[in-house]
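Remarks on the structure that follows.
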Amino acid sequence: MGNLLLLSLGAVLVENFVFVKFLGICPFLGVSQKLNTAVGMGLAVTFTMTISSALTWLLHRFVLVPLELEYLNTVAFILLIASLVQLIEMVLQKFLPSLYASLGIYLPLITTNCAVLGVALLNVQNGYDFVESMVYGFSAGIGFLLAIVLLSLVRERLIFSRIPKPFQGFPSALIAGGLLALAFSGFQGLQLA
Amino acid sequence: METVIVIALTVLALAILALLLGLALALAGKVFAVKKDPRIGEIVQCLAGANCGGCGYAGCSAYAEAIVSQGAPVNCCPVGGKETADAIGAIMGVTAQAPVRLRAQVMCSGTTDLARRKYAYRGISDCLSVAKLGNGPKECPYGCIGLGSCVHVCPFGAIKVENGVAAVEYEKCRACGACVSVCPQHLIKLVPFDTDVWVGCRSQDKGPVVRNYCQVGCIGCGICVRNCPSGAISVQESVASIDYSKCIDCGLCAEKCPRNIIWSGKKQMAEGDTLTVEGKQ
């Protein structure tokens with residue numbers, strides 16, 4: 001149990017997917033202008049990461065390893081994640097229309113999100129078991145949620161600041177993201193063991 | 001030889017995986033199918049796609065859904081205008097009434113040279129926050145603040161601030177109403193596109209007070225009310241307002257107004273002239 005907690009804390013803070021591993025930067029910058037949309041995107045990513053971690057682990061363990069096709073990890077995972085996102089979209093639309101209405105537009109964006117693929121590949125690389133994979137996927141998603149919410153809060157304030165013209169808009173968002181990453185590098189010193 | 005086998009195996013494995021996933025998705029598509037009216041998709045194609053919210057719904061697709069499922073009127077899209085309304089009408093099998101084209105009008109004429117200033121403002125460039133500081137930097141508590149919250153919110157780039165007062169470029173305006181709801185002074189109104197007259201003041205202060213702080217403000221004298229042949233003008237709370245359902249665009253009110261606050265300068269505005277008293281006379 002303590003092991004899982006450490007794993008989770010590590011994925012959220014010390015090895016934050018956005019700030020330390022630099023994965024999932026496009027939604028991080030693209031959907032962080034408003035807090036509402038950022039939270040929606042973050043939750044959608046967390047949801048997809050958890051489920052795709054579980055399924056890719058099963059695919060790897062019970063299909064690819066027995067067939068000695070581990071080198072197909074990346075391609076096979078992309079296939080699986082893309083189909084999975086489609087499936088989730090259908091199920092949500094059918095059974096949870098309200099959740100679909102709030103997450104709906106973000107789900108297709110996640111299909112090609114490198115952070116989701118990254119979690120799946122890291123699970124295999126680090127040799128996590130099934131439960132560890134799911135916890136790692138969930139925590140990575142929470143880390144992403146934290147990152148995108150933090151940036152959206154900064155960007156909502158940036159609108160009201162007097163910024164020199166060349167830095168208005170996207171450049172200031174990049175600088176804010178960079179400073180957040182710098183701050184998060186402070187967690188590197190955290191002794192978790 | 002061995003390489004060929006490996007390649008064949010790889011291709012085969014991926015193909016089978018893809019096929020299985022494809023089948024699963026196809027099956028899921030059948031099982032979880034949500035019956036959706038095909039007309040919704042067609043209507044979305046017709047709409048402008050600006051997602052401006054001018055129709056009163058969250059976006060283009062939300063409006064399309066409302067047309068089909070709730071029977072919303074087909075002529076609400078201010079961006080597409082008549083053509084869009086006709087196209088949607090054809091899909092829904094109804095004849096669309098031509099929407100009355102509207103435009104936004106800023107009801108303030110107190111440019112920096114005409115309206116007295118209370119204080120010089122330096123800070124966040126946003127009308128909403130300045131409105132909290134004694135109703136803006138102008139002595140007139142109803143006047144345009146001129147920091148351009150409406151400019152930022154306009155999805156069509158139709159508003160600019162000239163001489164401290166926001167002005168709408170009518171040709172670009174699509175009457176989505178974004179500026180109407182953002183203006184903290186409630187100065188922007190939607191008026192019929194073709195109308196020629198409007199009251200360029202919303203000050204509810206009494207005449208002498210208005211005279212003191214603005215060279216052009218409405219003093220509520222009522223001369224326009226007495227001169228209007230169609231009874232379209234009324235003075236409420238010391239400011240004249242025009243009922244456009246009765247207005248016949250004769251321009252008498254603009255001629256008679258002693259404060260030059262009723263404008264009839266649509267043509268000159270369209271050419272990009274600034275609002276000045278001299279320009280009108």
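Since every read-out is calculated from the coordinates, none of them should be taken as a lab result. All of these numbers come straight from a predicted model, not from anything done at the bench. A quick note on method: Cβ atoms are made from the backbone with ideal geometry, for glycine too, and the neighbour counts reach across all protein chains shown.
Per-residue Karplus couplings for segment A:126-135, computed as 6.51 cos²θ - 1.76 cosθ + 1.60 with θ equal to phi - 60°, are listed in order as 7, x, 6, 7, 4, 5, 4, 4, 5, 4 Hz, Gly and Pro entered as x. Among the GluC sites (Glu not before Pro) in segment A:51-154, those located in a DSSP loop and surrounded by at most 14 other Cβ atoms within 10 Å of their own Cβ are A:E68. Could you work out which residue, out of B:D194, B:D86, B:D37, moves most in a Gaussian network model of chain B, that is, has the largest mean-square fluctuation with Cα springs under 10 Å? Most flexible of the set in this elastic network: B:D37. Of the cross-linked pairs B:K138/B:K246; A:K165/B:K160; B:K132/B:K160, which ones have a Cα-Cα span greater than 27 Å in the structure shown? With Cα atoms farther than 27 Å apart: B:K138/B:K246.
Mean residue ellipticity, 222 nm, helices only, the protein assembly as shown: the sum of -39500 (n - 2.57) across DSSP H runs of n ≥ 4, divided by residue count and rounded to 500, is -15000 deg cm²/dmol. For the modelled label position 7 Å from the Cα of A:Q188 along Cα-to-Cβ, which residues of segment A:14-34 have backbone nitrogen atoms closer than 18 Å? Label zone hits: A:14-23. Relative to the longest principal axis of the Cα atoms of chain B, the long axis of helix B:2-31 lies at roughly 60 degrees. Straight Cα distances below 19 angstrom link B:K30 to the lysines A:K94, with same-chain residues fewer than 8 positions distant left out.
Across segment B:179-192, coupling constants 3J(HN,Hα) worked out from phi with the 6.51/-1.76/1.60 Karplus curve, θ = phi - 60°, read 5, 4, 7, 8, 5, x, 8, 6, 8, 9, 10, 8, 10, x Hz, and Gly and Pro carry x. When the trypsin sites (Lys or Arg not before Pro) in segment A:154-193 are filtered for DSSP coil states and for at most 16 other beta-carbon atoms within 10 Å of their beta-carbon, the remaining sites are A:R162. Taken along the Cα-to-beta-carbon direction at a fixed 7 Å, the label points for A:V131 and A:L179 span 4.2 nm. For segment B:38-55, the Karplus equation 6.51 cos²θ - 1.76 cosθ + 1.60, evaluated at θ = phi - 60°, returns couplings of x, 5, 4, x, 5, 5, 4, 4, 6, 6, 5, x, 7, 6, 7, x, x, 7 Hz by residue, with Gly and Pro reported as x.
Taking amide H as placed 1.01 Å from N in the peptide plane, the amide H of B:E139 sits under 5 Å from that of B:R116, B:R117, B:K118, each at least 5 places away or on another chain.
Give the longest segment of chain B that steers clear of GluC sites (Glu not before Pro) in DSSP loops with at most 14 neighbouring Cβ atoms within 10 Å, not counting the sites themselves. In chain B, the maximal stretch lacking such sites is B:1-170. Comparing B:D196, B:D205, B:D243 in a Gaussian network model of chain B where C-alpha atoms under 10 Å apart are linked, the largest mean-square fluctuation is found at B:D243. When the square roots of the Cα gyration tensor eigenvalues are ordered a ≥ b ≥ c, the ratio a/c for the protein assembly as shown is 1.5 or more and a/b exceeds b/c, which makes its shape prolate. Against the main long axis of the alpha-carbon atoms of chain B, helix B:81-92 sits at an angle near 40°. Residues whose amide H comes within less than 5 Å of that of B:R103, counting only those at least five positions distant or on another chain, are B:V191, B:F193 (H built at 1.01 Å from N in the peptide plane). In this simple spin-label approximation, B:T10 and A:N36 carry label points 7 Å from Cα along the Cα→Cβ vector, and these lie 4.8 nm apart. Amide H to amide H, with H built 1.01 Å from N, B:E162 comes under 5 Å of B:A167, counting only residues 5 or more places away or on other chains.
Using DSSP to call loops (not H, G, I, E or B), can you name the chymotrypsin sites (Phe, Trp or Tyr not before Pro) in segment A:100-165 whose Cβ has at most 16 other Cβ atoms within 10 angstrom? Passing both the DSSP loop test and the Cβ count: A:F160.
With an a/c value of 1.5 or above and a/b not larger than b/c for the gyration tensor axes a ≥ b ≥ c computed over the alpha-carbon atoms, chain A is described as oblate.
Pick from B:V191, B:V31, B:V180: which is most flexible by mean-square fluctuation in a GNM of chain B where alpha carbon atoms under 10 Å apart are linked? Among B:V191, B:V31, B:V180, the largest GNM mean-square fluctuation belongs to B:V31.
A:F62 sits among other residues whose Cβ lies under 15 Å from its own Cβ, and their net charge, with Lys and Arg +1 and Asp and Glu -1, is -2. By how many degrees, 0 to 90 and rounded to 10, does the Cα axis of helix B:60-70 deviate from the longest principal axis of chain B? Relative to chain B, helix B:60-70 is tipped by roughly 80 degrees. Which of rounded, prolate or oblate describes segment B:38-92 when judged by the alpha-carbon gyration tensor and an a/c cut-off of 1.5? Rounded shape, in that the Cα axes give a/c under 1.5.
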